[in-house]
1. Add -39500 (n - 2.57) for each DSSP H run of 4 or more in the chain, then divide by its residues: what number comes out at 222 nm, to the nearest 500 deg cm²/dmol?
2. Which residue, 18, 104, 159, tops the fluctuation ranking in a GNM of the chain built on C-alpha contacts under 10 Å?
3. Principal axis extents for the stretch 8-178, Cα atoms only, whole Å, descending order, please.
4. Going out from 0 in 10 Å bins, what whole percent of all Cα-Cα distances in the stretch 3-52 drops into each bin?
5. Which one, 135, 168, 121, has the greatest fluctuation when you compute a Gaussian network model over the chain with C-alpha springs under 10 angstrom?
6. For an R0 of 45 angstrom, estimate the FRET efficiency from the Cβ-Cβ distance between residue 36 and residue 8 and round to the nearest 0.05.
7. Stretched out fully, how many nm does the piece from residue 131 to residue 146 gain, at 0.36 nm a residue minus the Cα gap?
8. In nm, what is the difference between 0.36 nm times the number of residues separating residue 26 and residue 177 and their Cα-Cα distance?
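Read-outs throughout are calculated quantities, based only on the coordinates presented, and are distinct from any laboratory measurement. Just so you know, these numbers come straight off a predicted model, no measurement behind them. Backbone-built Cβ (ideal geometry, glycine too); neighbour counts: all protein chains shown.
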Amino acid sequence: MRYLNKDKIKKYLIVDGYNIINAWENLREISKTDLEHARTILIDNMIEYVEFTGKIGIIVFDAYNVRNSKEKVEQFRNVTVVYTKEHQTADSYIEMYINNLSKYDDIKVATNDYAEQQIVLGKGATRISARELKLDFEEAKSKMNEKNKNIEKKIQRNYLEDRLNKELLSKLENIRRRR
């Protein structure tokens, strides 16, 4: 029997972009006056989140009603942003994308769309609601801030004596005193 190497399992977070923008109150408010800015904030948040969690991020924005639009893919560190082609929904793109992944991969799809959630579950992926994604992101952000504070504390005090064992410190002190 062959066992799956857990190091080979890829962890994906696939985000239905406009669905999340419309579900997160702060992004929904921003999108009313500046949709591009709301997209940028979501992308920046997801870059931070996937880098911290070690996931591969895919954000899908549909261009279903945009005339003559062609599929556009942009790469931002560990996040791929996809703008679908005309007449293609984010749901159909996500479904197709999931079909091309290994059944052993850990795939989470963030959406509040009930029909999409059912399709995702049928494909063997896990669904995560917009609310759950927001909570996970905020928790990760809090952990990132805590980690950064700890790093700053270590940077502030960086003495050689803190990094050497007592025996070596004693020898160095004896050398110093002989002069």
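1. Estimated from H runs of four or more residues: -17000 deg cm²/dmol.
2. Looking only at 18, 104, 159, the largest GNM fluctuation is found for 159.
3. Sorted from largest, the Cα extents of the stretch 8-178 read 82, 41, 28 Å.
4. Over the stretch 3-52, the share of Cα pairs per 10 Å bin runs 24, 42, 19, 11, 4, 0 percent.
5. The residue that fluctuates most here is 168.
6. 0.75
7. Stretched out fully, the residue 131 to residue 146 stretch lengthens by 3.1 nm.
8. Value of the extension gain: 48.0 nm.
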